[in-house]
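J.: Structure below; questions to follow.
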Amino acid sequence: MAPVDFSGKVAVVTGGGRGMGRAYCLLLASRGAAIVETALRAFGRVDLLVHNAGVVTASTFADQPMDEVLNIMAVHLLGAWYVGQPAWLDMEKRGYGRIVLTTSMAQFGHYRQPAYAAAKTGIIGLVKSLAHEARHKELDIKVNAIAPLAGTRLARPDAKERWGELIAPENVAAVVAYLLSDQCPVNGEIVHAGGTHFARGFLAQTRGWSSGTSPLTPEQVREHFGEALDLADYHIPADANDQMEIVERAVLG
């Protein structure tokens, strides 16, 4: 198969001055892209977009001030919207584009970063919605989320010490580059990448339990709660409509 190549492609990478963003920029440039934050004005189009800009603070839910919460939301979640919408409009016009938005392992929850976790989890909903929109409009636009772990200023210091060069951001950049390429086969996925490891993350729903009669009582919920949450069998809904159909089949049979 041909190597991953970005010759002639115009890329925008937010937060590209250091850390992960810098690694993304350097790898894309080495593979042929033009990388500028003013791509639309300078080149008239955007082919590739990576939203990597980020800030993080350590506060518990009880202690985190609202101005800090709003700043985190503005940079991570609203930032993806501000930079993504103009790029999307251009991509939609031309029927082609690749977008990678940055989520985080904080989607699983983080004791001292509740606002950061909330913003990064919101990115997942945005990614899946955009992928669904692209499919609905029959556009060759692929939108995926990267959950990176690398030796940058946002990483835990002990991880750098234990992993050494394996935690270099260049390793995550390789995964991002593939997601941005013409060869990328997926849309609306969450890809975790850390060190030389990468994996699929996903949102799922267990088979659950239905009484088949209404009203459902708290006692029935108590009796069947373990069964409803059992991970032995689960579905990965394609979108919100698919999830609704799964529930409908369970209720109506």
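The values are calculated or read from the model by the stated rules, or taken from the named source; none is laboratory data. None of the values given here were measured: they were computed from a predicted structure. Because the Cβ atoms are built from the backbone with ideal geometry, glycine has one as well, and the counts that use them run over all protein chains shown. Ligands, DNA and RNA are excluded from the accessible area calculation, which covers all protein heavy atoms including side chains. Shrake-Rupley method; radii C 1.70, N 1.55, O 1.52, S 1.80 Å.
J.: Just to verify a number: FRET efficiency for ASP5 and GLN243, C-beta to C-beta distance, R0 = 30 Å, to 0.05?
T.: On the way: r = 37 Å, r/R0 = 1.25.
So, using R0 = 30 Å, E works out to roughly 0.20.
J.: Please report, in debye to the nearest 20, how large the charge dipole of the chain is about its Cα centre when each Lys and Arg carries +1 at its beta carbon and each Asp and Glu carries -1 there.
T.: Values: 23 positive and 26 negative charges, 175 e Å.
Charge dipole, the chain, about its Cα centre: 840 debye, nearest 20.
J.: With θ set to phi - 60° and the Karplus curve 6.51 cos²θ - 1.76 cosθ + 1.60, what are the ³J(HN,Hα) couplings of the stretch 210-215 in order, to the nearest whole Hz, using x for Gly and Pro?
T.: With the stated coefficients, the stretch 210-215 comes to 10, 6, x, 9, 10, x Hz.
J.: Using 0.36 nm times the number of residues separating GLN85 and PHE43, minus their current alpha carbon distance, what extension gain do you get? Working shown, then result.
T.: On the way: separation 42, 0.36 × 42 = 15.12 nm, distance 1.73 nm.
The GLN85-PHE43 span can extend by a further 13.4 nm.
J.: Let me spell out the model: positive unit charges on the Cβ of Lys and Arg, negative unit charges on the Cβ of Asp and Glu, origin at the Cα centre of the stretch 160-223. What dipole size does that give, in debye rounded to 20?
T.: 160 debye
J.: Label points 7 Å out from Cα along the Cβ direction at THR57 and GLU223: separation in nm?
T.: 5.0 nm
J.: Sticking with this structure for a sec: What residues qualify as long-range amide H neighbours of GLY188, i.e. H under 5 Å apart, gap of 5 or more or another chain, H built at 1.01 Å from N?
T.: Long-range HN contacts for GLY188: VAL143, ASN144.
J.: Taking the 0 to 90 degree range and rounding to the nearest ten, how far is the long axis of helix 218-228 tilted relative to the main principal axis of the chain, both from C-alpha atoms?
T.: It works out to around 50 degrees.
J.: Additional query: Label the stretch 108-253 by shape, choosing from rounded, prolate and oblate, from the square roots a ≥ b ≥ c of the eigenvalues of the Cα gyration tensor; if a/c is under 1.5 it is rounded, and otherwise prolate applies when a/b is larger than b/c, oblate when it is not.
T.: It is oblate, given that a/c is not under 1.5 and a/b is not larger than b/c.
J.: Given that just one value was derived from the coordinates, which of (1) 57, 41, 30; (2) 62, 44, 39; (3) 56, 47, 34 is Cα extents along the principal axes in Å?
T.: Read-out from the structure maps to (2).
J.: Please report the accessible area of LEU203 (heavy atoms, 1.4 Å probe, ligands and nucleic acids excluded) in Å², nearest 10.
T.: Taking all protein chains as shown, LEU203 has close to 90 Å².
J.: Under the Kirkwood approximation for Rh and a Cα-based Rg, what ratio Rg/Rh is obtained for the stretch 171-239? Display every interim value, and only then the final one.
T.: Numbers: Rg = 18.9 Å, Rh = 15.4 Å.
On the Cα set of the stretch 171-239, Rg over Rh gives 1.23.
J.: Answer with one residue from VAL75, GLY109, PHE61: the one whose Cα lies farthest towards the positive end of the charge dipole of the chain, charges on Cβ with Lys, Arg +1 and Asp, Glu -1.
T.: Working it through, the farthest residue towards the positive pole turns out to be VAL75.
J.: Step through the residues of the stretch 194-209 one at a time and calculate ³J(HN,Hα) from phi using the Karplus curve (6.51 cos²θ - 1.76 cosθ + 1.60, θ = phi - 60°), rounding each to whole Hz and writing x for Gly and Pro.
T.: Each residue of the stretch 194-209 in turn: x, x, 9, 9, 9, 7, 7, x, 7, 9, 9, 9, 5, 4, x, 8 Hz.
J.: By the scheme Lys and Arg +1, Asp and Glu -1, what is the net charge of all other residues having a beta-carbon under 13 Å from that of ARG249? Display every interim value, and only then the final one.
T.: Numbers: positive: ARG207; negative: ASP242, GLU245, GLU248.
In short, -2.
J.: Still on this structure: Taking amide H positions as placed 1.01 Å from N in the peptide plane, with prolines and chain starts having none, which residues 5 or more places from ALA147, or on another chain, fall under 5 Å of its amide H?
T.: Answer set, sorted by chain and number: THR103, VAL191, HIS192, ALA193.
J.: Against the longest principal axis of the chain, how steep is helix 169-180, in degrees 0 to 90 to the nearest 10, with axes from Cα atoms?
T.: For helix 169-180, the angle is close to 80 degrees.
J.: Taking amide H positions as placed 1.01 Å from N in the peptide plane, with prolines and chain starts having none, which residues 5 or more places from VAL12, or on another chain, fall under 5 Å of its amide H?
T.: LEU48, LEU49, VAL50
J.: Would you mind calculating the gained length between VAL186 and ARG94 on full extension (0.36 nm times residue separation, minus the Cα-Cα distance), in nm to one decimal?
T.: 31.2 nm
J.: Considering only protein heavy atoms, with the full assembly of protein chains and a 1.4 angstrom probe, order MET244, MET1 by accessible area, largest first.
T.: Numbers: MET244 120, MET1 205 Å².
Descending order: MET1, MET244.
J.: While we're on this one: What FRET efficiency comes out for ALA204 versus GLU133 if R0 is 25 angstrom and r is the Cβ-Cβ distance? Round to the nearest 0.05.
T.: Values: r = 22 Å, r/R0 = 0.88.
Result of the calculation: an efficiency of 0.70.
J.: Ordered by residue, what ³J(HN,Hα) values in Hz, to whole numbers, does the stretch 90-100 give under the Karplus form 6.51 cos²θ - 1.76 cosθ + 1.60, where θ = phi - 60° and Gly and Pro are x?
T.: 5, 5, 4, 4, 9, x, 8, x, 9, 10, 10
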